[in-house]
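What follows is a set of notes on a single structure, which appears directly below.
The values are calculated or read from the model by the stated rules, or taken from the named source; none is laboratory data. These numbers come from a predicted model, not from an experiment. Cβ sites come from the backbone with ideal geometry, for glycine too, and all protein chains shown count toward neighbours. What goes into the accessible areas is simple: the full protein's heavy atoms, side chains included, and nothing from ligands, DNA or RNA. Shrake-Rupley method; radii C 1.70, N 1.55, O 1.52, S 1.80 Å.
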Amino acid sequence: MKTALKYLTLGVIIIVLGFLSLGLIHTSFTYSNTITVDSSVEDAFAAFTDESRAGEWLIGYKGYDVLEGEPHKPGSKFLMKFEVEGNMMEFTETLTAFKQNEEFSFDMETEYFNGSVEVKFSGSHPCIIEATTVTSGTNVFYCSMFYLMQSALKDQSQKNYDLLKDMIEQ
């Protein structure tokens, strides 16, 4: 009985160390999402940056509060609010780049992860929207967890961008 308990304990320790080693090896990861929208780049960019329509394509979006600065000005900070499976989630978004009809980029900060998102607009008609996201956990545990969840995070982002495409093309 004691031998089985020792092996069980050793097995659990190995699994935990293996899990945590993922966070040490993979401190961040990057993924991209791309959509081709049947619209002009001007219309696509206007729809993307229209805060009043964000709830139409950002799943769980509940609104935002301005923390400092003004919309569409790099350096501005916003408290973004989402409801995920009945739980409120908030993160601070800092706008890092705003180039009319070309780019909208921002950094995100939560207690669990940090990230940066660069959204580029190209083409005339159709318009191509490509978003590149870099995410890292705030500690080794969260780095490991988000690394294991990266395909689910990419899929969730793609669902949002597909909804954006549908909204723009209506």
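Each of the GluC sites (Glu not before Pro) that DSSP puts in a loop and that has at most 13 other Cβ atoms within 10 Å breaks the chain; the longest unbroken stretch is 1-84. Compute the separation of the alpha-carbon centres of region 142-170 and region 43-113 and state it in Å as a whole number. Spelled out, the Cα-based centre of one part sits 15 Å from the other.
Taking amide H positions as modeled 1.01 Å from N, with prolines and chain starts lacking one, the residues under 5 Å from GLY123 and 5 or more places away or on another chain are ILE128. For region 1-121, the solvent-accessible area works out to 61 Å² per residue, with a probe of 1.4 Å and every protein chain left in place. Taking the charge dipole of region 79-157 about its Cα centre, with +1 at Lys and Arg Cβ atoms and -1 at Asp and Glu Cβ atoms, the residue from TYR142, SER122, PHE91 reaching farthest to the positive side is SER122. For region 76-122, averaging the sequence separation of C-alpha pairs within contact (under 8 Å, six or more residues apart) and dividing by the residue count gives a relative contact order of 26 percent.
For region 88-170, chymotrypsin sites (Phe, Trp or Tyr not before Pro) are listed when DSSP marks them as loop and at most 16 other Cβ atoms sit within 10 Å of their Cβ; the list is TYR112.
For the chain, carbon and sulfur atoms together expose 56% of the accessible surface, with a 1.4 angstrom probe and every protein chain in place. Across all Cα pairs in region 49-170, the calculated P(r) in 5 Å bins from zero up to the longest distance comes to 2, 10, 17, 25, 23, 14, 7, 2, 0 percent per bin. Would region 46-108 count as rounded, prolate or oblate if I go by the C-alpha gyration tensor, calling it rounded below 1.5 in a/c and otherwise prolate when a/b exceeds b/c, oblate otherwise? In terms of gyration-tensor shape, oblate. What helices does the chain hold that run 15 Å or longer along their axis, going by alpha-carbon atoms, with a Kyte-Doolittle average of 1.6 or more, using DSSP H for the helix calls? Passing helices, by number: 2-25.
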